[in-house]
Amino acid sequence: MTIYKPSTQDLQPLLDQATANQPVDQWMEKFLANLRTILLESPLRYRVYGPYWWPLKKLFIDRGDLIFGDFIDQAWLLDLDYGKPEFNMLAAFVHEELRLTKNFLDDPFHAMETIDGGDTIEFASNDPDMEMMAVLL
């Protein structure tokens, strides 16, 4: 089973809007800097991204920022990676927005739709690095 995720065509208008007044690289740096600040204040906030957390976390690691640890769930990363960091960020943002509108901010459980429209796949946010960070705060 493959997880349904927004297509790059679905995400492109959001990218166009986000980068209307700035280059993609600048937007990405601002996005990650803001996310870093939020997560340092409230580490469990990572849960709102569900499985899209793994591509986001990989962006921090790729930039040499290991503040959130270095554990990555490779299977979910492979399933959700768009091959372009800007689309990984936008897909995570879209998932976050859906969760926020339903007031599922700290809920670790995510029902992920499949592309065949069959059963959903349950995902439980469980990043040991982030969970430990929350305990230590």
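Return yes or no: is residue 15 more than 15 Å from the chain's Cα centre (by Cα), surrounded by 16 or more Cβ atoms within 10 Å (Cβ to Cβ) and not polar (S, T, N, Q)? Considered against the rule, which asks whether it is more than 15 Å from the chain's Cα centre (by Cα), surrounded by 16 or more Cβ atoms within 10 Å (Cβ to Cβ) and not polar (S, T, N, Q), residue 15 comes out as yes. For the stretch 31-71, filtering for residues that are open to solvent by 20 Å² or more (accessible area, probe 1.4 Å), out of contact with any Ser or Thr (no Cβ under 7 Å at 6 or more places or on another chain) and closer than 22 Å to residue 99 by Cα leaves 12. Inside the stretch 87-116, residues that are touching a residue at least 60 places away in the same chain (Cβ under 8 Å) and either out of contact with any Leu (no Cβ under 6 Å at 6 or more places or on another chain) or closer than 21 Å to residue 40 by Cα (or both) make up a count of 15. So for the stretch 72-79 (the condition being part of a helix (DSSP H, G or I), open to solvent by less than 60 Å² (accessible area, probe 1.4 Å) and under 25 Å from residue 16 (Cβ atoms)), does at least one residue qualify? The answer is no, given that none of the residues of the stretch 72-79 is part of a helix (DSSP H, G or I), open to solvent by less than 60 Å² (accessible area, probe 1.4 Å) and under 25 Å from residue 16 (Cβ atoms). Taking the stretch 91-136 as the range and being in contact with a strand residue (DSSP E or B) (Cβ under 8 Å, 6 or more places away or on another chain), of a type in the set (Asp, Glu) and loosely packed, with under 11 Cβ neighbours inside 10 Å as the test, only 122 passes. Being among the aromatic types (Phe, Trp, Tyr), under 16 Å from residue 3 (Cβ atoms) and not in a loop (DSSP other than H, G, I, E, B) holds for only one residue in 123, 93, and it is 123.
The values are calculated or read from the model by the stated rules, or taken from the named source; none is laboratory data. This structure is a prediction, so every number in the text was calculated from the model and none was measured. When we count neighbours, we look across all protein chains shown, and the Cβ atoms used for this are built from the backbone with ideal geometry, even at glycine. Note: areas computed on protein heavy atoms with side chains; ligands, DNA, RNA excluded. Shrake-Rupley method; radii C 1.70, N 1.55, O 1.52, S 1.80 Å.
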